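Down below is the structure, laid out as structure tokens.
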Amino acid sequence: MNEETHAFDTPPEGANPDWTIPQDWSRYSGEEHGVWDTLFERQAKLLPGRASEAYLRGLDVLKLSKPGIPDFEELSERLMKLTGWQVVAVPGLVPDDVFFDHMANRRFVAGNFIRKPDQLDYLEEPDVFHDVFGHVPMLADPRFADYLEAYGRGGLRALDLGALKQLARLYWYTVEFGLIEEEAGLRIYGSGIVSSYSESRFALDDPSPNRIRFDLKRVMRTEYRIDDFQQNYFVIDSFDELLRATTETDFAPLYEEILQQPDIPIAEIVPGDNVVTHGTQDYARRKAAG
Ligand code: PHE
Ligand code: FE
């Protein structure tokens, strides 16, 4: 998920000054590799026809179907040849500036622990399945690879400009929960969706959530929830569009403008929205009613 909260300001015992740790691949037990395999099989079956072509291509070219938790060194070697990205292990959530700095240098930070067999569907901190299965395939796509590097630099800048919350929303609604309109139809590419058995269906099929065309300022003003399925998804036309909309714009004046405006509550449709699906919000209402 989005590394936006942090508990420590110095790396824990045994970590490097940049917060990385060895993945220690040989330490994983058979049971832990088994959890990866179970999750992998379940998702891999579900994703053709649902996940973006770029995502599926990444899964394939990175050979993520090889059984067991991937070895970051081997994975990084493949990724490095394709787009210059690497995957490095960290002990958990890291401070924002550390997270952004790695990203700006094409290092994707991933948790090295894996969820327990009784947590297949829900966990609070991103584990290696979310981070690697969810995020890394998209990094094999050259446009997405450029986007995330630029995002890292943008993050460092947003910290200086006091606009971290606004920029974090962009990450949330693209990198974590983004949808894309492809020729074949609506597809998922956000890591939080592709790594979730239930949300990878909900995000596309359920009448409950809003699906709205991507608009940079709109997204950066929109609140989000971290405890359940999203009530809004934003739909891009292409990764080119996403890359252009973000890298060809100076965010400083944008931040200035939107910091004066009210935040947009989670499920609200506002004037100017280009709505793909006006959601019923039935799911959220049912949940709230208990
Ligand atoms: N162009 C943005 C800025 O001026 C940086 C950025 C690029 C942010 C890509 C997000 C994604 O701050
Ligand atoms: Fe994530």
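None of A44, A54 is under 26 Å from Y122 (Cα atoms) and within 17 Å of the chain's Cα centre (by Cα) except A54. Contact map, the range 74-92: first residue free of Cβ contacts under 8 Å to residues at least 24 places away in the same chain, second residue among the small types (G, A, S), Cβ cut-off under 7 Å, separation 6 or more or different chains; pairs are Q86/S76. Which residues, counting only those in the range 130-160, are near ligand 1 (Cβ under 8 Å from one of its atoms), over 13 Å from Y189 (Cβ atoms) and of a type outside the set (K, R)? Within the range 130-160, A150, Y151, G154, G155, A158 qualify.
Yes or no: the range 113-129 includes at least one residue that is in a helix (DSSP H, G or I) and either touching a Lys or Arg at 6+ places or on another chain (Cβ under 9 Å) or farther than 27 Å from S26 by Cβ (or both). Yes, the range 113-129 has at least one match. Of the set (1) touching an Asp or Glu at 6+ places or on another chain (Cβ under 8 Å); (2) at pLDDT below 95; (3) within 16 Å of ligand 2 (Cβ to nearest atom), all apply to I226 but (1). State yes or no: is T5 surrounded by fewer than 16 Cβ atoms within 10 Å (Cβ to Cβ), within 16 Å of ligand 2 (Cβ to nearest atom) and at pLDDT below 95? Here the answer is yes, as T5 does meet what is asked. Every condition in (1) modelled with pLDDT under 95; (2) over 23 Å from I226 (Cβ atoms); (3) buried (at least 21 other Cβ atoms within 10 Å of the Cβ) holds for P126 except the one numbered (2). Residues of the range 173-196 include none that is among the basic types (K, R) and in a helix (DSSP H, G or I).
Here V94, V98, V87, V128 are screened, and the one residue that is under 14 Å from the mean Cα position of the chain (by Cα) and within 16 Å of ligand 2 (Cβ to nearest atom) is V128. Applying the criterion of being acidic (D, E) and part of a helix (DSSP H, G or I) to the residues of the range 211-252, the residue that is surrounded by the most Cβ atoms within 10 Å (Cβ to Cβ) is E241.
The values are calculated or read from the model by the stated rules, or taken from the named source; none is laboratory data. No experiment lies behind these values; they were computed from the predicted model shown. Backbone-built Cβ (ideal geometry, glycine too); neighbour counts: all protein chains shown.
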